[in-house]
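What follows is calculated from the coordinates using simple rules that are stated; it is not laboratory data. Values in this document were obtained by computation on a predicted structure and should not be read as measured data. Here the Cβ positions follow ideal geometry from the backbone for every residue, glycine too, while neighbour counts run over all protein chains shown.
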Amino acid sequence: MCGSALLALALAPFGVLAGIDLAPIDTSPDRNPSPLKVELQRIGTLRPRSADEIHGSSWTLGCECLDRDFTDFDEYKDYIVPLGIKEFRLFAGWAKCEKVKGVFDFAWLDHCIDWANAHKINVLLDISYGNPVYEGAGGAGLANGTPNTPAGLAAWDNWIEKLGTQYKGRVTDYAMWNEPDNGGMNPPAAIADLNVRTARILKRIMPDCRLHGLSLGTNQPEKFESCLSEIVKLGGQDLFDTFIYHGYAYNPDSSYERVDRLIEICARLAPKARMRQGENGCISEWSDRFALSNWPWSENSQAKWDMRRMLGDLGHGCGSSVYSICDLSYKPPYAPYVYLNRKGILRANANHQVYAVKKAYYAVQNVVSVFDDSLSLSKAPKASTIDKCLALYEYETAAGAPLLVFWDRGLVAQRRTLVKMDDGTGRMRNVAMFDAVRTPNSRIRKDGDGFTRVDDFERSGIPSDDFTTRPAVIEWNGAPLKDPVWVDLFTGAVYAFPARQQIVHSTGVSFVRVPVYDSPCILTEKSALTLQ
């Protein structure tokens, strides 16, 4: 590398670039290297597919925070189509569109939406946030408050009217206010009222629009049921196509006990709607604040985390959002301090300039290249395992070929130990184990009912920097694979799976010595994949 390029790389994190392209997209077979070693013959690499090569999928890309100028759309837009995701999420930014009462300027938002339409990328337009130029109309950032006075709500209604009229015929999908539960300021009834009044205005303007409700910052079933029950009281449950949950967990797989309950609640109270994950991502280095802080993350563990969240969501029938396209530069007045949130799959500096492509970008690109709408989640799975640490999901291609995706998830079933304490003694009594064991990572919390809650598995199975595989057995109640391959989704490398490790017997097939580790891998027919 020439001296000027080295100088630019050194200065890039501080916002100084030398006018050269520091972040080209690598398209080589070894674009996402890792220390992985398996005793299999490598036969190729997954070929990335751009968004215009994919008919449809369940993925959404997080392109939020333009409303507060935490990122710059023109800095990252050229990375969107090659990634392969066909939908991105934007915040509409009322306070940025109406800086003076009654004067609306949509130029910055038009720029993003017109680009998306030109490139056949669907837009999920989140109507957040409020506008401090109106008293009682809420704040312009997260947890700054929602409209809460008659005048503030009237101004909000007018904003939604203007927004819907501006993008009628240009945007079909709209999400409700982002994380209205953040900070605990809004009770379920107020959240439901804002959702329903907003939805009714948008449906009046655009009867065929698709609406996505609640956008809760957690995946707590009790909170979701309280909010959805209030929506039902208002008769608004049929207005929404999906309901959105967030909720970050150090081990992404530990979320799915709750997600299963969300799905059950939604099916019971709003059977026409489905659940979708609307914002989740992992940081690529240690951080002392925000979600998933105080853990030694790296680009390797970030990539594994993002893939496991995506494929866990998909395996539970939920759409999944990758947060975020690039690092976010927080600054006042919308944040109390200047800070770089490293949840991006592109590395950006404090001036929003993209100067490196992270490993997560290529890992997500590999997932997207395989898991599109041509795959269907098996309704009657034929694959199984007795390995309690193995996440296993089964799909079928349009041609009928099976596709198994799996990874070592650790022990993650949100199992808990509830310990009743003797009054004043501190001794444990009446221990209910729930298939749990105490671990060094256990976290103890005092509950108001006198119990101490020990979350034993919250941090078991966190994606790591280790690429050592272990052998696993997967049972398959079907015909042997004709040309089986094992795929590492981190690198995109494709390997021939030996015939001797596919043991045929009277009840089906045993796939033995299948390499597994804490990152998603695939076992399928070679013909099911597009190789580079």
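Couple of notes before you dig in:
- THR198, THR218 arranged by Cβ crowding within 10 Å, fewest neighbours leading: THR218, THR198
- Gyration tensor verdict on segment 154-308 (Cα atoms; rounded if a/c is under 1.5, prolate if a/b is larger than b/c, oblate otherwise): prolate
- Shape of segment 464-522, Cα gyration tensor, a/c cut at 1.5: prolate
- For the Cα trace of segment 56-373, dividing Rg by the Kirkwood Rh returns an Rg/Rh value of 0.93.
- Only Lys, Arg (+1) and Asp, Glu (-1) charged, at Cβ; segment 56-373 dipole about Cα centre in debye: 160
- Beta bridges per DSSP with both ends in the chain, % antiparallel, nearest 5: 70
- Helical contribution to [θ] at 222 nm, DSSP H n ≥ 4, -39,500 (n - 2.57), averaged over the chain, rounded to 500: -7000 deg cm²/dmol
- Using a Förster distance of 35 Å, the FRET efficiency for ARG42-GLU222 (Cβ separation, nearest 0.05): 0.15
- Set of aspartates and glutamates near LYS359 by C-alpha distance (under 16 Å), chain-local residues within fewer than 8 positions excluded: ASP26, ASP30, GLU285, GLU299, ASP306, ASP327, ASP465, ASP466, ASP488, ASP518
- Fewest-first ranking of ARG204, ARG347, using other Cβ atoms within 10 Å as the exposure measure: ARG204, ARG347
- Among residues other than CYS97 with Cβ under 14 Å from its Cβ, the summed charge is -2 (Lys and Arg +1, Asp and Glu -1).
- Spacing of the modelled spin labels on THR468 and SER376, each 7 Å from Cα toward Cβ, amounts to 4.2 nm.
- Taking other residues whose beta carbon is less than 11 angstrom from the beta carbon of GLU279, and scoring Lys, Arg as +1 and Asp, Glu as -1, yields +1.
- Violating pairs (Cα-Cα greater than 27 angstrom) within the set LYS382/LYS482; LYS96/LYS203; LYS120/LYS162; LYS77/LYS331; LYS99/LYS343: LYS99/LYS343
- Counted by neighbouring Cβ atoms within 10 Å, the residues ASP466, ASP241 run from fewest to most as ASP466, ASP241.
- Summed side-chain charge close to ASP465 - residues other than ASP465 whose Cβ falls under 13 Å, Lys, Arg +1, Asp, Glu -1: -2
- Counted over the chain with a bin width of 10 Å, the fraction of Cα pairs per bin, in whole percents, is 4, 17, 27, 26, 17, 7, 1, 0.
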